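*Asks:* Here's a structure for you.
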Amino acid sequence: MTAAASTASPHLIIVTGASRGLGAALVRALLVPGNQLVCVARSRNAELEQEAAASGVPIAWHLQDLSQPSPAASWLGSVLDAIDTQPASVTLLLNAGVIEPISPIAQLQEATLVPHLMTNLVSPMTMTAAFLTHSERFGCPRKVLAISSGAARRPVEGWSAYCAGKAGLDMFVRSVNAEYAQAPAERSVRAVALAPGVVDTGMQATIRQAEFAQVDRFRALKENDQLTSPDDAARKIAAYLARPDFGATELDDVRNS
Ligand SMILES: NC(=O)c1ccc[n+]([C@@H]2O[C@H](COP(=O)([O-])OP(=O)(O)OC[C@H]3O[C@@H](n4cnc5c(N)ncnc54)[C@H](OP(=O)(O)O)[C@@H]3O)[C@@H](O)[C@H]2O)c1
C-alpha cells in the first residue's frame, strides 16, 4: 500500500475493482487535483500505481477479496475510520464485478453461483452499509455509484447469475435512495446504478470465449470495433459522478448522458 499526502478538503472516492478494465480506467479518469482515491482489488497494477504516484493525487492501494462480504465491509469501515481530513464529499464507486458463471440455468451450481453473487451483490450491499455507517461523521455529501449493466434490465440467455445479481444491485440502489429520502442534509446519500455500455475489457474477452445464444453479437461488436474503450467510458462516468443532479435518475445508462 502507498499513500501520498492529502489535500485540504478533497473529494474522497473509493473505487472497487481498480486493478484492471473499467476500474483501472476510472482511477485514471479520477486522477485530478482535488480528489483523494482509495483503490481496492485482489491484485496490483504497477503501471497504474506509478501513473497515479506521478499525478500527485493522494491515493492508497488495498488488496482485498471482495467475494467475502464481511471482511469487505470491515475493511471499508476501517479505511473510513482512518481518514483524518474532512472530505468535501465521499463516494463509494462499486465497480468490481465478475461475469462467470455463463451457463444454462439448468446447469447452475452453488459452487460458482455463490461467489458470483457475493462479489456482484452481497459485498456491494455490506460495503454500502459500512460506507453509510462510517462516513456519517463527515457530515458531507455522500454518493454511491454502482456500475450496473444493461443485463440488469433485460435478460441475456446464459447470464442468469449476472442478470439477477445486477438487477438486485439496481433494486438495492433504489432502496438506499428510498431509505435516505427524508434524511437531513448532513446524513443525506444519493445513489445511482449506472450501466457503462459495452466496454473493451477482460470481461468482454471472457464473454466472447463463452458459449451462449447471443455470443455472436458480442464477437461481432469486437470484430467491427464497436466496443467503447475503457478510457472513454471512464471519462463519461467521472463526468456523470460530478453532475450537480447526480441521483436524479437512480437507474441510468452512461450512453444517455
Ligand atoms: N465490460 C463491459 O462491457 C461491462 C458492461 C456492463 C457492466 N460492466 C460492469 O463493469 C464493472 C467492471 O467490469 P470490467 O469489464 O472492467 O471487468 P474486468 O476487466 O473483468 O475487471 C473486473 C475488476 O473487478 C475486480 N474484481 C473481480 N472480482 C473481485 C474480487 N473478488 N475482489 C476484488 N476485486 C474483484 C478485478 O480485480 P482483481 O481480479 O484484481 O481482484 C478487476 O479490477 C463490473 O461491475 C461489470 O459487471 C462491464
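*Asks:* For the modelled label position 7 Å from the Cα of R217 along Cα-to-Cβ, which residues of the range 137-162 have backbone nitrogen atoms closer than 13 Å?
*Replies:* Of the residues in the range 137-162, 150-159 have backbone N under 13 Å from the label point off R217.
*Asks:* Note down the nm distance, to one decimal, between modelled labels 7 Å out along Cα→Cβ at V114 and at S257.
*Replies:* Label-label distance for V114 and S257, simple model: 3.7 nm.
*Asks:* With +1 on each Lys and Arg Cβ and -1 on each Asp and Glu Cβ, and nothing else charged, work out how big the dipole of the chain is about its Cα centre, in Debye to the nearest 20.
*Replies:* 280
*Asks:* Using 7 Å Cα-to-Cβ label points, what is the H62/R208 separation (nm, one decimal)?
*Replies:* 3.4
*Asks:* Taking the 0 to 90 degree range and rounding to the nearest ten, how far is the long axis of helix 69-81 tilted relative to the main principal axis of the chain, both from C-alpha atoms?
*Replies:* So the inclination is approximately 30 degrees.
*Asks:* Quick check: convex hull over the Cα atoms of the range 72-162, volume per residue in Å³, rounded to an integer?
*Replies:* It is 91 Å³ per residue.
*Asks:* At q = 0.08, 0.17 Å⁻¹, what base-10 log of I(q)/I(0) does the Debye formula yield for the chain when every alpha carbon is treated as an equal point scatterer in vacuo?
*Replies:* Cα-only, vacuum Debye calculation for the chain: -0.29, -1.39.
*Asks:* Per DSSP H run of n ≥ 4, the term is -39500 (n - 2.57); total these for the chain, divide by its residue number, and report the mean residue ellipticity at 222 nm rounded to 500 deg cm²/dmol.
*Replies:* The per-residue figure over the chain is -12500 deg cm²/dmol.
*Asks:* Is the shape of the range 5-91 best called rounded, prolate or oblate, per the rule: a/c under 1.5 gives rounded, else a/b larger than b/c gives prolate, else oblate, with a ≥ b ≥ c the square roots of the Cα gyration tensor eigenvalues?
*Replies:* Since a/c reaches 1.5 but b/c is at least a/b, the shape of the range 5-91 is classed as oblate.
*Asks:* Taking the Cβ of L251 as the centre, find all other residues whose Cβ is under 10 Å away and add up their charges (Lys, Arg: +1; Asp, Glu: -1).
*Replies:* Here the charged neighbours net out to -2.
*Asks:* Checking the a/c ratio against 1.5 first, then a/b against b/c, what shape does the Cα gyration tensor give for the range 104-257?
*Replies:* Since a/c reaches 1.5 but b/c is at least a/b, the shape of the range 104-257 is classed as oblate.
*Asks:* Using the number of other C-beta atoms within 10 angstrom as an exposure proxy, rank V114, V189, V38 with the fewest first.
*Replies:* V114, V189, V38
*Asks:* Moving on. When T206, T126, T112 are ordered from fewest to most other Cβ atoms inside 10 Å of their Cβ, what list results?
*Replies:* With the sparsest Cβ surroundings first, the list reads T206, T112, T126.
*Asks:* Now for a different question. Evaluate the distance, in nm, between pseudo-label points positioned 7 Å from the Cα of A8 and of N224 along their respective Cα→Cβ axes.
*Replies:* Those two pseudo-labels are separated by 5.2 nm.
*Asks:* What are the ³J(HN,Hα) couplings of the range 243-257, residue after residue, when phi is run through the Karplus curve with 6.51, -1.76, 1.60 and θ = phi - 60°? Round to Hz, x for glycine and proline.
*Replies:* Going residue by residue, I get 4, x, 9, 3, x, 5, 10, 6, 10, 9, 10, 4, 6, 7, 9 Hz, with x marking Gly and Pro.
*Asks:* How much FRET efficiency would the formula 1/(1 + (r/R0)^6) give for A53 and R137, where r is the Cβ-Cβ distance and R0 is 22 Å, rounded to 0.05?
*Replies:* 0.15
Rule-based calculations on the coordinates, nothing more; no lab input. Remember, predicted model here, so these are calculated numbers, not experimental data. In this analysis, Cβ positions are derived from the backbone assuming ideal geometry, glycine residues included, and neighbour counts consider all displayed protein chains.
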